[in-house]
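First up is the structure itself, then whatever we jot down about it.
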Amino acid sequence: MKKLMTCIAMAIAISACKPAETTGTAPAAAASIQINGAGATFPYPIYSKWFEEYGKTHPNVKINYQSIGSGGGIKQLTAQTVFFGATDGPMSDEQLKSAPGPILHFPTVLGGVVPIYNLPGVTSQLRFSGPVLAGIYLGQITKWNDARIAKENPGVNLPATDIAVVHRSDGSGTTYIFCDFLSKVSPEYKSKVGVNTSVSWPAGVGAKGNEGVSGLVQQTPGAIGYVELIFALQNKIPFAAVQNKAGAFVTASLESVTAAAANVKMPDDFRISITNAEGNDAYPIASFTWMLLYQNPQDTERAKIMADFLKWALSDGQKDAAALHYAPLPKSVIDLEMAALARLAS
Amino acid sequence: MNTTFKSRDDRGFRIGTGAIAALVLLVVLGIGFELTRQSLLSIAKFGFGFWKGTTWDPVSGEFGALPFIWGTLYSALLALLLSTPIAIGIAVFISELSPRALRQPLTYLTELLAAIPSIVYGLWGVFVLVPAVRKLELMTPESWKKIPLFKGPPLGVGMLAAALILAVMVIPLTSSVAREVLKNVPSTQREAAYALGATRWEAIRIALGFGRTGIIGAIMLGFGRALGETMAVTMVIGNNPQLSASLFAPQYTMAAVIANEFSEAADELYLHALIEIGLLLFIITIIVNLISRVMVRSRRTA
């Protein structure tokens with residue numbers, strides 16, 4: 001029996017030897033400062049480009065970013081395991097309350113979501129209004145030659161086939177933005193589905209990631225799906241035009257996405273949805289992506305660096321956006337953010 | 001406990017290996033404990049209703065696991081039905097019938113199937129299997145579509161594609177264990193059968209009967225693999241939580257929903273519900289293993 005006890009004691013001793021907790025603010029090597037962040041996958045390509053460019057002019061600063069998803073970024077920021085977070089959907093009041101200190105949102109670039117479809121024989125670009133898209137995703141419009149689709153696409157020979165609805169299966173900011181738009185234009189969509197990174201879909205099949213959705217749409221005749229604008233542009237996937245609040249059918253482009261942010265009345269905390277925005281040339285399924293920082297972090301040295309980095313990203317950094325297919329921020333928003341950063345740094 | 005040891009070395013060896021064995025037990029207990037601890041919010045809110053709830057709505061914060069449990073068990077069972085005859089056929093051919101020169105290459109090839117990463121299976125599923133299944137669904141006569149087993153639009157993705165891909169992934173596992181089992185059947189068994197005038201088929205049946213506990217073990221091992229498989233399944237099953245008997249309907253599994261939604265789940269209750277799904281999968285896997293143990297044991301005494 002004694003031997004058995006020793007065995008167990010040893011096992012406990014071994015399992016107790018956990019590696020020390022790693023923190024985001026690990027002591028940096030002399031003269032070099034490491035800042036860790038985590039969050040959304042959508043801005044990852046431009047953030048890594050920015051951190052690399054910024055590192056060239058500031059060789060003592062190394063910013064690490066893990067693209068673990070918006071939800072994960074918010075969790076890690078709240079738990080203070082990273083110094084900054086990043087998200088595609090603004091934090092909710094509840095999430096902000098559960099954080100140990102006030103958190104600030106800073107828009108960095110813009111993105112859009114576009115409807116893609118696979119209709120053999122249809123060569124002209126399709127046009128959708130918000131309510132029709134909502135009807136399709138609610139499972140109420142089930143045929144391509146439905147009168148509501150035909151009305152918006154005069155002259156297009158729509159087939160009498162079933163619509164195969166494809167949505168994201170993984171939690172995603174893309175889903176959040178898409179549902180945010182549909183909830184604004186359709187009260188029924190808002191009450192039945194709502195807005196989140198994952199929702200309870202009334203219709204269709206789920207595919208993982210932009211590549212999964214576009215793959216399934218391209219394979220399935222009669223399918224409709226939604227992907228990030230960047231993904232569609234990079235892969236040259238044709239997409240539909242969407243009707244905006246002013247009534248115009250707009251094809252998503254970097255300009256029309258930036259235009260969506262130009263006319264908004266920005267609140268002080270920058271937490272705003274810009275889907276279904278005002279303006280004739282505004283694309284309606286657009287959104288900011290945000291960096292998240294604590295307002296009063298104890299580590300003032302890193303806070304100063306991040307403020308300086310953001311100032312650079314909002315000025316010189318914006319020039320890198322278009323090459324990576326991100327829509328740059330409009331000047332009005334940059335001015336407001338610069339003012340907020342000036343207050344933060346003082 | 002009262003064995004006397006010949007030397008200190010023996011004793012040290014015994015304690016060391018014992019500690020490692022105890023560690024495994026502790027890890028299992030630790031997983032169970034941690035999964036429970038991290039899903040307390042969901043357990044407190046839904047109780048046993050979580051097992052039978054059919055809604056999964058992260059927006060309104062209502063969570064039920066039944067469609068995921070159903071999808072997991074259904075896909076794994078279908079995979080088992082498809083893979084078992086093939087896997088045992090392969091094992092019998094390799095160990096009993098194959099010419100000596102073919103034996104090694106065949107063994108190598110089936111085992112190669114097990115070495116392919118599941119994401120590769122998933123990609124193959126998306127680009128080859130799903131279009132093929134869609135063609136099959138389009139060929140299904142309308143009259144068949146009234147049967148619940150074949151209801152649904154021809155999407156390609158869905159239960160059938162998932163079961164097929166799982167079957168392919170399970171075959172090498174089941175067949176290699178079954179082959180080892182057949183190899184260990186003493187040759188005296190077969191010789192005795194032949195001596196009594198048995199045909200080759202009868203002799204093989206006797207060998208299979210002799211190794212049945214091991215073969216059941218092999219099948220259950222495959223079932224366990226099918227229950228937990230994540231990536232390949234989520235890529236072809238359609239990810240729609242619904243209770244449907246149809247082979248053509250998109251469905252969802254427990255492992256897939258965790259993989260899909262975990263990284264973006266920022267809400268506490270949502271997170272706890274996802275971890276509770278993990279807890280349920282853990283419990284179901286343990287139950288399946290227990291059942292297979294009982295089956296093996298009862299066969300042994302029979």
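The values are calculated or read from the model by the stated rules, or taken from the named source; none is laboratory data. If you're wondering where the values come from, they're calculated on a predicted model, not measured in any experiment. Cβ atoms come from the backbone with ideal geometry, glycine included; neighbour counts cover every protein chain shown.
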### Query
Is it the case that residue B:229 is crowded, with 23+ Cβ neighbours inside 10 Å, under 30 Å from residue B:129 (Cβ atoms) and modelled with pLDDT under 90?
no
### Task
Take residue A:39 and decide whether it is in contact with a strand residue (DSSP E or B) (Cβ under 7 Å, 6 or more places away or on another chain), at pLDDT below 90 and within 14 Å of another protein chain (Cβ to nearest Cβ).
no
### Considering residues of the stretch B:249-275 that are within 20 Å of the chain's Cα centre (by Cα) and more than 9 Å from chain A (Cβ to nearest Cβ) only, the residue surrounded by the fewest Cβ atoms within 10 Å (Cβ to Cβ)
B:258
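Right, residue B:248: in the same structural domain as residue B:79 (by TED's automatic domain parsing) and not in a helix (DSSP H, G or I) or not? Step through it out loud before you land on a result.
Working: in the same structural domain as residue B:79 (by TED's automatic domain parsing): yes; not in a helix (DSSP H, G or I): yes.
Taking the combined requirement at face value, the residue satisfies it.
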## Note on the structure
Of (1) touching a residue at least 40 places away in the same chain (Cβ under 8 Å); (2) within 21 Å of the chain's Cα centre (by Cα), residue A:323 satisfies every one except (1)
### Residue satisfying all of: in the stretch A:88-115; polar (S, T, N, Q) and within 12 Å of another protein chain (Cβ to nearest Cβ); nearest to residue A:330 (Cα to Cα) among these
A:92
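Listed here are the residues, each with its yes/no results for (1) closer than 18 Å to residue B:277 by Cα; (2) among the hydrophobic types (A, V, I, L, M, F, W, C); (3) surrounded by 17 or more Cβ atoms within 10 Å (Cβ to Cβ); (4) without any contact (Cβ under 8 Å) to a residue 40 or more places away in the chain.
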residue: B:42; (1), (2), (3), (4): yes, no, yes, no
residue: B:52; (1), (2), (3), (4): yes, no, no, yes
residue: B:61; (1), (2), (3), (4): yes, no, no, no
residue: B:69; (1), (2), (3), (4): yes, yes, yes, no
residue: B:80; (1), (2), (3), (4): no, yes, yes, no
residue: B:86; (1), (2), (3), (4): no, yes, no, no
residue: B:92; (1), (2), (3), (4): no, yes, yes, no
### Task
Pairs only if they're at least six apart or on different chains, beta carbon under 7 angstrom, first in the stretch A:250-263 and in contact (Cβ under 8 Å) with a residue 12 or more places away in the chain, second in a helix (DSSP H, G or I); list them, first residue then second.
A:250/A:256; A:252/A:229; A:254/A:322; A:257/A:229; A:261/A:333; A:262/A:332
#### Entry: Candidate set: the stretch A:117-132, residues that are part of a loop (DSSP other than H, G, I, E, B) and aliphatic (A, V, I, L, M); chosen: the one modelled with the lowest pLDDT
A:122
### Task
Answer with yes or no whether residue A:36 is surrounded by fewer than 16 Cβ atoms within 10 Å (Cβ to Cβ) and part of a strand (DSSP E or B).
no
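Report whether or not residue A:56 is at pLDDT 90 or above, surrounded by 13 or more Cβ atoms within 10 Å (Cβ to Cβ) and over 30 Å from residue A:198 (Cβ atoms). Before the answer, list the steps.
Values: at pLDDT 90 or above: yes; surrounded by 13 or more Cβ atoms within 10 Å (Cβ to Cβ): no; over 30 Å from residue A:198 (Cβ atoms): yes.
No: the conditions fail for residue A:56.
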### Query
Out of all the residues in the stretch B:145-163, which are surrounded by fewer than 22 Cβ atoms within 10 Å (Cβ to Cβ), away from every other protein chain (no Cβ under 14 Å) and in a helix (DSSP H, G or I)?
B:146, B:148, B:149, B:150
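Go over the candidates A:273, A:332, A:253, A:315 one by one and state the one that is of a type outside the set (D, E, K, R) and assigned by TED's automatic domain parsing to the domain that holds residue A:123. Working first, answer last.
Numbers: A:273 fails: assigned by TED's automatic domain parsing to the domain that holds residue A:123; A:332 fails: assigned by TED's automatic domain parsing to the domain that holds residue A:123; A:315 fails: assigned by TED's automatic domain parsing to the domain that holds residue A:123.
Going through A:273, A:332, A:253, A:315 in turn, the sole match is A:253.
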